[in-house]
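Undergrad: Structure in structure tokens, see below.
Read-outs: derived from the displayed coordinates by stated rules, not from any lab. The model shown is predicted, which means the values in this text are computed figures rather than measured ones. So basically every Cβ, Gly included, is an ideal-geometry build from the backbone, and we count neighbours across all protein chains shown.
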Amino acid sequence: MTYRFADLKAACQADWQAYCEHDFVTRLGAGTLAPDAFRHYLQQDYLFLVHFARAYALAAYKSRTLAELRQAYDALRTILDVELDLHVGYCHEWGISEADLATLPEARATLAYTRYVLDTGSRGDLLDLHVALAPCLIGYGEIANWLNAQSFTHHEGNPYADWIAMYASDEFQQAMHAETAWLDERLATLDASRFDQLVTIFRDATRLEIDFWQMGLDQST
């Protein structure tokens, strides 16, 4: 059997749906999410981005080819030079200063997810690391597309419309499709035993993403 990324999602269908259609997501699309919940999520997402950068530094270390090394470098540079600056600016619009972000404690859901990703990458290989990151990189793009297809999603007057637009943008969608293609190419070479190992990683990471949404919704620390 030839495996693809779609098979990872199918093997974790209930968890993937619970992640992509979480109450945090649906309320964000409808514009009914409590502003304090979104603000709490934004702050913790900044911390996640910092660890996301660390994960791509680890990906560079785990790379075996020049192409993989360049891929990791490009991702790391994009996070450090573009995404973090954009995120800081977006936080500023929500009344969160860079000084606030610098002293922000990590919520338990942030700790659990980011350390899981880094631990998975440290113990495993480059494919393990990419699968652990996939619910974030690919999931956010799919969530934005799903929201844009729902009748309850509002863009006019929705304070979260910019968030949806960011992950529905051509740039992010291209990155999502590139990552999916990268995973498809490598999953196609695996036997059933190795694929099952990756299903476990993908399921765990997806569940931790669900906890991250819930953390934002509950404003938990």
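Undergrad: Got a sec? Which residues in the range 14-47 would a label at Asp162 touch, if it sits 7 Å along Cα→Cβ and we count backbone N under 19 Å?
TA: 28-47
Undergrad: To test your reading of the geometry: what angle, between 0 and 90 degrees and rounded to tens, separates the Cα axis of helix 35-62 from the longest principal axis of the chain?
TA: 20 degrees
Undergrad: Determine the principal axes of the Cα atoms in the chain, then give the extent along each, sorted from largest to smallest and rounded to whole angstroms.
TA: Result for the chain: principal-axis Cα extents of 48, 38, 32 Å.
Undergrad: Tell me, what HN-Hα J-couplings in whole Hz come from the Karplus equation 6.51 cos²θ - 1.76 cosθ + 1.60 at θ = phi - 60° for each residue of the range 82-88, using x for Gly and Pro?
TA: 10, 5, 5, 5, 5, 5, 4
Undergrad: Next question. What order do you get for Met176, Met1 when you list them from fewest to most C-beta neighbours inside 10 Å?
TA: Exposure proxy ranking, most exposed first: Met1, Met176.
Undergrad: Out of every Cα pair in the range 1-101, what percent are spaced more than 19 Å from each other? Write down the numbers at each step before the final one.
TA: Working: 3158 of 5050 pairs.
That tail contains 63 percent of the Cα-Cα pairs.
Undergrad: Also: Going 7 Å from the Cα of Glu98 in the Cα-to-Cβ direction, what parts of the range 29-44 have a backbone nitrogen less than 18 Å from that spot?
TA: Hits in the range 29-44 for Glu98 at 18 Å: 43-44.
Undergrad: Shape verdict for the range 61-111, please, from the Cα gyration tensor: rounded (a/c under 1.5), prolate (a/b greater than b/c) or oblate. Provide the component values of the computation, followed by the final result.
TA: Working: a/c = 4.08, a/b = 1.94, b/c = 2.11.
It comes out oblate by the Cα gyration axes.
Undergrad: Could I ask something else about it? DSSP loop chymotrypsin sites (Phe, Trp or Tyr not before Pro) in the range 145-221 with at most 15 other Cβ atoms within 10 Å of their Cβ, which ones?
TA: Those satisfying the criteria are Phe152.
Undergrad: Give the angle, between 0 and 90 degrees and rounded to the nearest 10, that separates the Cα long axis of helix 108-123 from the longest principal axis of the Cα atoms of the chain.
TA: So the helix axis and the longest Cα principal axis differ by about 20 degrees.
Undergrad: For the chain, set up a Gaussian network in which alpha carbons nearer than 10 Å are linked by springs, and say which option among Ala14, Ala55, Ala107 fluctuates the most.
TA: Of Ala14, Ala55, Ala107, the Gaussian network model singles out Ala14 as fluctuating most.
Undergrad: Would you calculate, for the chain, the mean residue ellipticity at 222 nm contributed by helices, counting each DSSP H stretch of 4 or more residues as -39,500 (n - 2.57) and dividing by all residues, to the nearest 500? Display every interim value, and only then the final one.
TA: On the way: 12 runs with 171 residues, N = 221.
Calculated mean residue ellipticity at 222 nm is -25000 deg cm²/dmol.
Undergrad: Also, I was wondering about something else. Once fully extended, how much extra length lies between Ala181 and His51, figured as 0.36 nm per residue of separation less the alpha-carbon to alpha-carbon distance?
TA: Details: separation 130, 0.36 × 130 = 46.80 nm, distance 2.37 nm.
That works out to 44.4 nm of additional length.
Undergrad: So if I take the centroid of the Cα atoms in the range 22-46 and the same for the range 177-218, what is the distance between those two points in Å?
TA: With the range 22-46 and the range 177-218 each reduced to a Cα centre, they are spaced 23 Å.
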